[in-house]
């Protein structure tokens, strides 16, 4: 590293393959500042193969997914033959019933600082460089956001350390994506530090000479510049018309509203990923619904204090919204249905209630799940009730009149029948007399 020109400093350590890829793809202008040496995985593999008398295969085992890609990189291909994660190793051992017995700790020997490599700052300690957090010549950081912040600062010429150790996993390799779950990063870090303190028999130095140099490739994304007008158009579609509207909250995953707009323009993001915009849109749509729904919408809390009303509810309750909010619902209308819903937690749908002498409503009242609010949709059915009462009155009058006609007809029929009966009786008497006269005259003759 001392042979590098001064303008190449600060030097970025290349032990973490994810950091190397981050620089090659997103910070290709910083490639000259990558330390031109292989990672510890590749260096160890080359040493093993150089020292072995026979043709051997080297398998790397660790918590890192990026190692799988690193082993295929043209600059180091052939050094490592396979890369397994701890999870894959554990699954394989469980399937085959393989048990690995740990050898007893050595009582004599020396502490191996190389064992500190998996923790943040471990590489610097292994290289016998200071890891003092107040040191200005070295800088160690972990976590993708922190790595990007430091790389951006290097671009701006704000970092003056000689060497920068970056690890994309927060806390270092001990928090790699394929570490077995169950322990915290800090518990693993403590275990690694204690393990490094245990004495170990010295590893003999051998006459092994390997090439540890490597180069890097510019894999930067060459995207055409986006016209500022197009960016403003994308921002306008999510209601960001001025810089003050750009919250840069990073809820979408991008560092700024403009970066997200650029990704949207290129088809790499969607407008709906903007959380503040979608929330504002949802609230706006809710307001539109509240404004146009013909039925009154009343929202109350658990104490039945009014929290929100629609314009239709203002007309129904006879007061403007400012005069309604916070007031108890019983100040304006009967609260029986709302009280029932509060007490039971069950919806009441379609109940008719007399609010006033001149107002009859149909209530649909439901509790809001996971909250203390109750929403009521109140439909004015006074005209329907009046119409129904009129129909009932006409129906009753019609039935009464029909009954009167029937009664009258029956009475007339009875009168006619009575008259017919009397006439028949008189006719019978007269005819009987005539028959008697005729019979008497015949006997006389």
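Each row is one residue, and each column tells you yes or no for (1) in contact with a strand residue (DSSP E or B) (Cβ under 7 Å, 6 or more places away or on another chain); (2) assigned to a loop (DSSP other than H, G, I, E, B); (3) modelled with pLDDT of 90 or more; (4) loosely packed, with under 14 Cβ neighbours inside 10 Å.
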| site | (1), (2), (3), (4) |
| --- | --- |
| 202 | yes, yes, no, yes |
| 207 | no, yes, no, yes |
| 210 | no, yes, no, no |
| 220 | no, yes, no, no |
| 224 | no, yes, no, yes |
| 249 | no, yes, no, yes |
| 254 | no, yes, no, no |
| 269 | no, yes, no, no |
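You will find that of 397, 441, the residue that is without any contact (Cβ under 8 Å) to a residue 24 or more places away in the chain, exposed (fewer than 10 other Cβ atoms within 10 Å of the Cβ) and farther than 30 Å from residue 311 by Cα is 441 and no other.
When residue 307 is tested against (1) in contact with a helix residue (DSSP H, G or I) (Cβ under 8 Å, 6 or more places away or on another chain); (2) surrounded by 13 or more Cβ atoms within 10 Å (Cβ to Cβ); (3) touching a residue at least 24 places away in the same chain (Cβ under 8 Å), exactly one condition is not met: (1).
Of all residues in region 170-189, those being in a loop (DSSP other than H, G, I, E, B) and in contact (Cβ under 8 Å) with a residue 12 or more places away in the chain number 7.
Of all residues in region 372-394, those that are within 30 Å of residue 300 (Cβ to Cβ) and without any contact (Cβ under 8 Å) to a residue 40 or more places away in the chain total 7. Residue selection: residue 183 fails the criterion of being at pLDDT 80 or above and assigned by TED's automatic domain parsing to the domain that holds residue 11. Counting only helices (runs of 4 or more DSSP H) that fall entirely inside region 309-424 and contain at least 3 residues that are over 20 Å from residue 294 (Cβ atoms) and modelled with pLDDT of 90 or more, the qualifying elements are 336-344.
Screening residue 258 on (1) at pLDDT below 85; (2) within 30 Å of residue 29 (Cβ to Cβ); (3) surrounded by 11 or more Cβ atoms within 10 Å (Cβ to Cβ) shows it passes everything except condition (1).
In region 70-80, the condition of being at pLDDT below 90 and either touching a helix residue (DSSP H, G or I) at 6+ places or on another chain (Cβ under 9 Å) or in the same structural domain as residue 13 (by TED's automatic domain parsing) (or both) is met by no residue.
The values are calculated or read from the model by the stated rules, or taken from the named source; none is laboratory data. None of the values given here were measured: they were computed from a predicted structure. Because the Cβ atoms are built from the backbone with ideal geometry, glycine has one as well, and the counts that use them run over all protein chains shown.
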